[in-house]
Each structure stands twice: as C-alpha cells, then as structure tokens.
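Bear in mind these aren't lab numbers, they're just calculated from the coordinates by the rules spelled out. Keep in mind that what you see is a predicted model, and the values were worked out from it rather than measured. All Cβ positions, glycine included, derive from the backbone under ideal geometry; neighbour counts span all protein chains shown.
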There are 2 protein chains.
Amino acid sequence: MDKALKEFLSRVEFNPKTHVIPLKTGLNRVLSQDIVSTRNLPGMDKSAVDGYALRASETLEATKSKPRSFQLVKSDSIKNNETKQVWTGNPLPSGADAVLMLENVKMTRDKVEVYGPATRWENVSRMGEDIRQGQVAVRAGRRLRPQHLGLLAAIGFDEIRVFEKPKVAIVATGNELAELGRDLHESQIFDSNGLSLSALCAELGAEPNDLGIARDELEDISEKLRTGLNTSDAVVTTGGTSVGAPDLVPDAVNALGEPGIIVHGVAMRPGMPTALAVVSGKPLLVLPGNPAAAMLGFEVFGRPLISKLSGLQRTESRPLIEARMTKKVTVTLGRRNLVRVQVFLKKGEFCARPVSARGSGLISTMTEANGYVATMKNVEGIEEGEIVRVHMFDDLEEH
Amino acid sequence: MDKALKEFLSRVEFNPKTHVIPLKTGLNRVLSQDIVSTRNLPGMDKSAVDGYALRASETLEATKSKPRSFQLVKSDSIKNNETKQVWTGNPLPSGADAVLMLENVKMTRDKVEVYGPATRWENVSRMGEDIRQGQVAVRAGRRLRPQHLGLLAAIGFDEIRVFEKPKVAIVATGNELAELGRDLHESQIFDSNGLSLSALCAELGAEPNDLGIARDELEDISEKLRTGLNTSDAVVTTGGTSVGAPDLVPDAVNALGEPGIIVHGVAMRPGMPTALAVVSGKPLLVLPGNPAAAMLGFEVFGRPLISKLSGLQRTESRPLIEARMTKKVTVTLGRRNLVRVQVFLKKGEFCARPVSARGSGLISTMTEANGYVATMKNVEGIEEGEIVRVHMFDDLEEH
C-alpha cells in the first residue's frame with residue numbers, strides 16, 4: 001500500500017496554476033507564495049493593560065511605605081516625574097517604557113502614587129513583537145485557517161495569491177448502477193460512490209465533477225475517461241476492476257496513453273483490486289465499486305493525491321487519536337487491513353470498538369465507525385486492550 | 001469557564017427551522033429527522049465474491065481426494081447437482097445458499113469440481129445485511145459526512161430534511177479599528193476579528209454576517225446589535241468590554257432587553273473580560289478585542305453555541321490528541337489558561353511545544369500553534385514531559 005502510493009505520487013505531475021482572490025474568500029485555500037509582512041505588528045509600542053505609563057527607572061526605589069508620586073499628564077509624551085493614563089491597546093506616550101496596572105497604584109486628584117518598582121517594558125506590547133516588518137507571516141503551501149486570515153488582515157493584506165483548486169472528475173462504472181432519483185429495477189443498485197467521492201473531494205478543497213455512470217463497455221468508459229482527462233486534473237473511477245471479471249477500466253486506461261496502469265492490485269483490505277494509473281502526467285485512481293472499499297481507497301490514495309495537486313507542502317492527514325481496542329479483531333495476514341472502529345471517550349479514556357468485522361464491504365460500517373486503523377501487513381489481528389492509532393473520519397462519540 | 005458556558009447555553013432558545021434539500025448538496029448539513037430505510041440493502045442475497053453458487057448441503061462430503069462434481073447451468077435458479085458462475089455483486093440464483101471462490105474449485109468443460117465443504121451463506125451478502133428495511137439509517141441531529149451521503153444514496157433518498165444554517169451576526173467595536181483595504185492612520189489597526197470569526201462560523205456550518213465596525217459610542221453599537229438580533233440567530237461582538245475602561249458593549253446589550261448580560265468576566269486567560277448575554281432568547285457573545293482572546297473565546301463559547309443552534313445532538317469538539325509537553329509552562333493560578341501549543345510527531349510520539357508563553361495576546365501564537373490545552377483552575381503550570389490533551393485547530397506537524 002505504501003509502496004504503491006509512493007510510486008503513484010512520484011509519477012504525478014503538479015503544474016501549479018495560481019490566481020489572486022480577496023482575503024475574505026480565502027478560508028481553506030492554499031497560499032502559493034510566502035507572505036512577508038510589510039509592517040510591524042504592533043506598529044508601535046502599546047500598553048498591554050489598563051494602567052499608567054511612566055519611566056521604569058523612576059520607580060526603582062518606590063515601596064509600600066515610601067511610595068513615589070507622579071504628576072498625571074494628558075500629553076503624548078512624558079517627562080521625568082510624569083505619568084499618563086492608558087487603556088489596553090493605547091500607544092505608549094514617548095518617554096515612557098513601562099505601564100503599571102490600575103490596581104497597583106493609587107490615584108489622588110492629579111497625582112499617581114506608585115508602591116513598587118516597575119521593570120522596563122513591563123505591560124508593554126513592543127513594536128513588531130507579534131510580527132516584524134520583513135518577517136514571513138504565512139508560508140506558501142499552507143492551507144489558510146481562520147487564524148491565518150486574521151493574521152493576514154492584521155498586517156493589512158486584503159488580497160492573496162492562491163493555487164487554483166484541483167478539478168477531479170468522477171466516473172462510476174457498472175451496468176447494475178442506477179442514477180439516484182430514478183426507479184430502481186430489480187437487481188439494480190443506486191450509484192452512491194459518485195456522491196460520497198464528490199463530497200470527499202469537496203472536503204479536501206478540490207472541485208469535484210461527477211460525470212455520472214458509464215456502462216460496462218470499453219467505449220462508454222473510454223469516452224468518460226477522455227472527458228475527465230481533458231477537463232480535470234485527476235480522474236477517479238469506481239467499479240470495473242477486479243481479479244476474475246474482465247478489467248474494463250484498466251484496459252480502457254491503458255488504451256489512453258503512457259504509462260497507463262502502474263499498479264494493479266494492492267495488498268490491502270478492502271480495496272485489493274485498486275489500480276493506480278498516470279496518463280500524460282495526469283493521475284487516474286481506479287477504485288473498486290464496493291462503496292466502503294471505494295471510500296477507504298480514496299482515503300489512502302486520493303487524499304495524498306489531492307494534497308499534492310492542491311499545492312500543499314505535505315499530505316493533510318485525518319486527525320489521529322490513540323485509543324484502546326475494546327475487542328479482539330482477526331485480520332488477513334499479508335495485507336494491510338483497514339479496520340473500521342468507533343472511537344469514544346469513556347471515563348476519560350479513548351476506546352475503539354471495531355465495527356467492520358461483520359462485513360468488510362458494508363457501507364454501514366463507514367457510518368457506524370468514526371475512524372479506521374490500518375494494520376501492518378505482518379499481523380494477524382489486533383488484541384483486546386491494544387493501543388491503536390486511529391485515523392478519524394467523523395467526530396468522537398461520548399458514552 | 002465551564003459554569004459560565006453551562007449557564008449561557010441553558011438560557012439560549014433553539015427554535016428549529018428546517019427545509020428540504022437535494023441529497024447532493026447535503027455535505028455538512030444537519031439532519032432534522034431520523035431517516036428510516038424503506039428498502040433492504042442489499043435488496044436480495046448476492047454473491048460477495050467471484051465464484052460458483054451452489055447448495056452448501058451438497059458439498060459436505062467433498063474432499064481433495066474425493067471431489068464432488070456439479071453441472072454448470074446458466075439459469076436464474078439451480079437444482080440439486082447444479083451450480084452457476086457468479087461475479088461479485090450478482091444476485092444469488094434461487095436454490096443456492098453458498099458461493100465457492102474461483103480459486104477453490106476446478107472447472108472442466110461444463111462441470112465444476114469441488115474439493116471441500118462450503119458452509120451455508122459462505123461468501124453471500126444476505127438481503128438487508130447492510131441496512132434492513134425499517135431500520136434507522138442516519139439519526140436526526142447528525143452532521144452529514146461523505147459516508148452518510150453515500151449510505152443515503154444507496155438506500156434511495158435523493159432529498160433530505162435538514163435544519164437551516166444558523167445565522168451569526170458579527171460586530172467589531174473600537175475607534176482604533178480600520179476596515180481592511182483602507183489606508184491606515186497612525187495608531188489605527190486593521191479589524192481582523194470580523195474575518196477570523198466569520199471564518200470560524202463558516203467552518204462550523206453557520207452563515208456569518210459581518211456587520212463591520214462600530215465606533216466606541218453607545219448609539220452606534222446599539223444600532224448594530226439591533227440589526228444583528230433582527231436578522232440573525234446569534235450576535236458575536238469583539239472589543240468594548242474590559243475591567244477598567246467603560247463597558248460600552250455590555251451597557252448597550254443590557255439596554256436591549258431581558259435578561260441581558262448574564263455573565264461578565266470569566267476565570268480564563270486570555271478572554272477574562274468575555275461577557276455572555278441573552279436577549280429575548282437570542283444569544284450575544286461579547287468577546288474581547290484582542291484577536292487571540294477573541295478566537296479562543298469563540299472556541300470556548302461560540303463553538304458549543306453554534307452546535308446547539310445547528311440542531312446537533314451535542315457539541316462538536318475539535319479533534320483531541322494526547323501529547324507530551326516538551327517544556328514547562330507557568331500559568332496564572334485561579335483561571336483556566338488556554339495554552340497554545342504546536343503538536344508534532346517525533347519518532348512516532350506526539351509532542352507539544354508551548355508557543356504562547358511569549359505573549360498570551362499575540363495573534364501569531366494562533367498561527368504558530370495548531371492547538372490549545374485548557375489547564376485546570378487549580379494548577380500553576382504544566383510540567384515538562386506531562387501528557388496533555390490538546391484541542392487541535394490546525395493540522396499536525398511532522399518533524
């Protein structure tokens with residue numbers, strides 16, 4: 001699985017396209033260049049509290065019994081023996097180098113009595129302490145979270161250059177598939193992969209383009225793959241790949257160009273018939289038709305692929321959590337098994353209950369679980385009480 | 001902090017409004033009613049593998065040396081001594097109750113030789129095994145992830161009823177604030193809270209409405225608060241609340257209606273001047289102007305509030321991770337301290353490096369960190385090597 005992924009990613013070309021957007025539309029976009037601050041934040045020395053600005057050196061000998069008295073002034077600069085009242089965020093008057101908090105002084109008419117020494121720059125936000133002029137505020141290849149937007153606004157950027165969202169074409173194949181909303185003939189099933197894979201792409205900030213259902217015929221599949229390659233940065237297919245039945249999708253892919261299929265069959269469960277292909281530098285991810293296998297195959301191969309095509313510095317993984325297995329699980333030796341678990345917090349401890357034992361391919365294992373554990377190839381199972389690392393694809397439960 | 005939150009949430013009314021939307025637009029929406037499956041999934045017994053369907057009872061005495069031979073047929077039902085070839089997902093022919101995998105039989109012209117016994121329902125996906133007709137497929141109050149959309153499509157739902165997104169008005173107050181994109185006068189700063197809080201709301205599936213900047217005057221603040229209350233389900237403000245300076249926002253809130261401010265001042269750092277209010281059942285979250293305090297105050301109070309207003313069954317927490325502190329941190333006793341940390345994976349272990357020590361209010365602590373630890377009120381710090389539970393607001397780093 002890891003070898004297949006590495007080989008796949010190394011063959012995929014990333015041809016960055018960028019555009020400029022307003023900062024306010026920047027949530028979850030990926031910066032295409034470092035942003036260097038053109039100003040200091042704060043732009044000047046400021047008070048960090050509500051209090052009195054003064055010169056620290058003048059307070060050195062102040063004590064409870066021998067307070068030091070300062071003249072209260074309103075000017076923008078202070079001289080010896082003077083102090084000025086400031087609120088949090090106010091610029092420090094020139095000449096001052098410390099602020100004493102309201103509660104640590106005593107005011108009497110136009111005098112302020114100080115009962116102890118201030119240290120230099122006490123309660124002062126120094127100019128450039130948050131971000132210095134010339135400092136990189138946010139690096140290229142970062143997905144912008146709310147806190148990044150806040151920081152970029154604070155240093156005055158109202159436009160940013162970001163990578164274009166990768167476009168991902170999605171094709172479901174299979175004569176048994178019916179489009180959602182249609183009447184279902186006996187022995188048909190609704191296509192659910194188009195919807196779940198589109199949503200997985202959208203979650204990762206890609207632009208999904210669901211091309212619908214292809215019949216189990218080379219020509220129909222080839223046409224949809226060509227459309228996908230022409231209009232998108234990647235193509236994801238489901239169905240039409242297996243061990244026994246005719247490999248329609250791999251055959252169609254190989255007919256499209258070089259190198260074609262580079263991996264067919266991965267030592268994982270579910271997802272064994274997964275194939276990985278590249279045609280003229282563009283990736284095709286050929287997933288099995290089984291919905292659970294398709295979603296998990298996307299987790300393993302689609303997620304790192306989209307991270308690369310998004311311009312991210314590295315693969316964006318699911319949140320990880322370490323949890324204790326509540327029950328033993330037996331798995332197939334020689335493959336990495338993607339064991340679905342429901343992680344919950346019980347008496348302060350993270351526990352993981354396996355849910356995929358009753359059928360690796362059931363869709364409901366994906367909704368009953370909130371994460372998966374990828375076992376190593378050389379193990380036959382997970383013991384009860386063992387600590388596992390879970391990739392979380394939904395929220396933690398509380399029991 | 002916990003008491004304030006509990007009191008706040010108990011006073012907030014949730015008046016659910018729902019609407020019907022196409023399933024394909026349902027990602028991250030919250031279901032307003034249980035969805036009960038109107039069909040079995042699978043709709044009939046199906047083969048789970050590529051192989052041969054037959055009657056298990058007829059294979060009981062088959063061995064390597066004494067194979068049992070079956071007649072290969074193409075009909076939709078089989079009789080004694082008959083078998084039919086099936087691919088994964090094919091309906092089981094009537095009369096059959098097991099499937100032997102391709103690799104475990106030998107085909108000779110129109111005969112299939114079986115070398116060992118099959119157990120009943122071996123390699124068969126039973127009708128309704130994934131979801132039974134009448135079973136609840138997805139519960140009300142759940143946020144729909146890609147896997148839920150897949151499951152709902154598989155059982156044939158193309159429309160769903162969801163809660164309307166909560167609308168959240170955002171007001172920044174302060175004479176020192178300038179709108180992004182304008183020229184900055186000396187001593188002014190750009191409003192960054194409008195942008196970061198809007199993004200935090202959007203991340204939670206709410207609809208933010210940034211009402212812009214109010215001057216430090218009761219009238220201007222009151223007008224914006226009234227607009228917010230009239231057009232939205234909640235109002236979030238920043239600035240204009242402190243200990244020493246005039247409490248403009250709390251005063252304006254109290255003039256709007258009952259009960260008004262219910263909490264003012266929270267034993268937390270940053271975020272001490274936070275106020276929580278309710279007017280005619282609608283919540284107002286009054287946050288400090290400091291950007292780090294505003295974002296963290298939103299994490300603590302805004303996040304559970306929006307979960308409630310979204311119709312979620314319970315608060316959607318940030319992903320949690322347990323990590324080892326790389327350095328001692330000293331905090332203020334008597335408050336919950338929101339210590340920002342950068343969590344990274346080093347030699348397979350989760351480590352947390354504190355980043356907020358150099359200044360609790362710096363915006364850059366929010367971008368340098370990827371999570372926060374909320375200390376208990378009665379501790380004076382976190383020791384080096386201590387295991388802490390981190391609320392992750394950005395991705396894990398790898399070192």
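See the values below:
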{"item": "Alpha carbon Rg of chain A, scaled by the compact-globule rule 2.2 N^0.38 Å", "result": "1.42"}
{"item": "Inter-probe distance in nm under a simple model that places probes 7 Å from Cα toward Cβ, at residue B:220 and residue A:389", "result": "5.2"}
{"item": "Computed magnitude of the charge dipole of chain A (debye, nearest 20; Cβ of K, R +1, Cβ of D, E -1)", "result": "1780"}
{"item": "Computed [θ] at 222 nm, helices only, for the protein assembly as shown once each DSSP H run of length n ≥ 4 contributes -39500 (n - 2.57)", "result": "-5000 deg cm²/dmol"}
{"item": "Cut-off 12 Å between beta-carbons: net charge of the residues surrounding residue B:378, Lys and Arg +1, Asp and Glu -1", "result": "+2"}
{"item": "Beta bridges per DSSP with both ends in chain B, % antiparallel, nearest 5", "result": "70"}
{"item": "Position residue A:332, label points 7 Å along Cα→Cβ, spacing to each other copy in nm (shortest first, one decimal)", "result": "5.9"}
{"item": "Potential extension, residue A:77-residue A:230 segment - 0.36 nm per residue separation minus Cα distance", "result": "48.4 nm"}
{"item": "Taking segment A:47-125 and dividing mean pair separation by its residue count, relative contact order in percent (alpha carbons under 8 Å, at least six apart)", "result": "45"}
{"item": "Total charge dipole magnitude, segment A:320-398, about the Cα centre, Cβ charges on Lys, Arg, Asp, Glu only, Debye to nearest 20", "result": "300"}
{"item": "Cα→Cβ-extended label distance, 7 Å offset, between residue B:2 and residue B:113, nm", "result": "7.1"}
{"item": "Chain lengthening between residue B:106 and residue B:161 when straightened (0.36 nm per residue, less Cα-Cα)", "result": "14.6 nm"}
{"item": "Residue of chain A whose Cβ sits closest to the axis mapping A onto B, with distance in whole Å", "result": "A:319, 2"}
{"item": "Number of partner chain Cβ atoms within 10 Å, mean per residue of A:260-268", "result": "0"}
{"item": "Antiparallel DSSP beta bridges within the protein assembly as shown, percent to nearest 5", "result": "70"}
{"item": "Distant-in-sequence amide H partners of residue B:289 (H built 1.01 Å from N, under 5 Å)", "result": "B:239, B:240, B:241"}
{"item": "Angle between chain B longest axis and helix B:2-11 axis [Cα atoms, degrees, rounded to 10]", "result": "80"}
{"item": "Spherically averaged projected area of segment A:320-398 from its Cα convex hull (nm²)", "result": "4.7"}
{"item": "Burial order of peptide ranges A:103-112, B:387-396 (average beta-carbon count within 10 Å, highest first)", "result": "B:387-396, A:103-112"}
{"item": "Segment A:47-125: projected area of the alpha-carbon convex hull, averaged over directions, in nm²", "result": "4.3"}
{"item": "Nearest 10 degrees, 0 to 90: helix B:218-231 Cα axis against chain B principal axis", "result": "20"}
{"item": "Averaged over B:359-371, number of beta-carbon atoms from partner chains that fall within 10 Å", "result": "5"}
{"item": "Rg/Rg_ref, the protein assembly as shown, where Rg_ref = 2.2 N^0.38 Å and atoms are Cα", "result": "1.12"}
{"item": "Local net charge near residue B:2, Cβ-Cβ under 12 Å (Lys/Arg +1, Asp/Glu -1)", "result": "+3"}
{"item": "Calculated FRET value between residue B:120 and residue A:377, using beta carbons and R₀ = 30 Å, to 0.05", "result": "0.40"}
{"item": "Residue A:357 versus residue B:185: modelled label distance in nm, points set 7 Å from Cα along the beta carbon direction", "result": "7.1"}
{"item": "Ratio Rg/Rh [Cα only; Rh per Kirkwood] for segment A:139-255", "result": "1.15"}
{"item": "Other-copy label distances relative to residue B:121, 7 angstrom Cα-Cβ extension, nm", "result": "7.3"}
{"item": "Shielding by partners - mean other protein chain Cβ count within 10 Å, residues of B:185-192", "result": "6"}
{"item": "Positive minus negative residues near residue B:33 (Lys, Arg vs Asp, Glu; Cβ under 10 Å)", "result": "+1"}
{"item": "Cα long-axis angle, helix B:193-203 against chain B (0 to 90 degrees, to the nearest 10)", "result": "20"}
{"item": "Among B:166-179, B:1-14, the order from most to least packed when residues are scored by Cβ within 10 Å on average", "result": "B:166-179, B:1-14"}
{"item": "Across the identical copies, how the residue A:2 labels are spaced - nm, sorted shortest first, 7 Å along Cα→Cβ", "result": "4.0"}
{"item": "Order by protection proxy (mean Cβ within 10 Å, highest first), peptides A:209-221, B:88-100, A:62-74", "result": "B:88-100, A:209-221, A:62-74"}
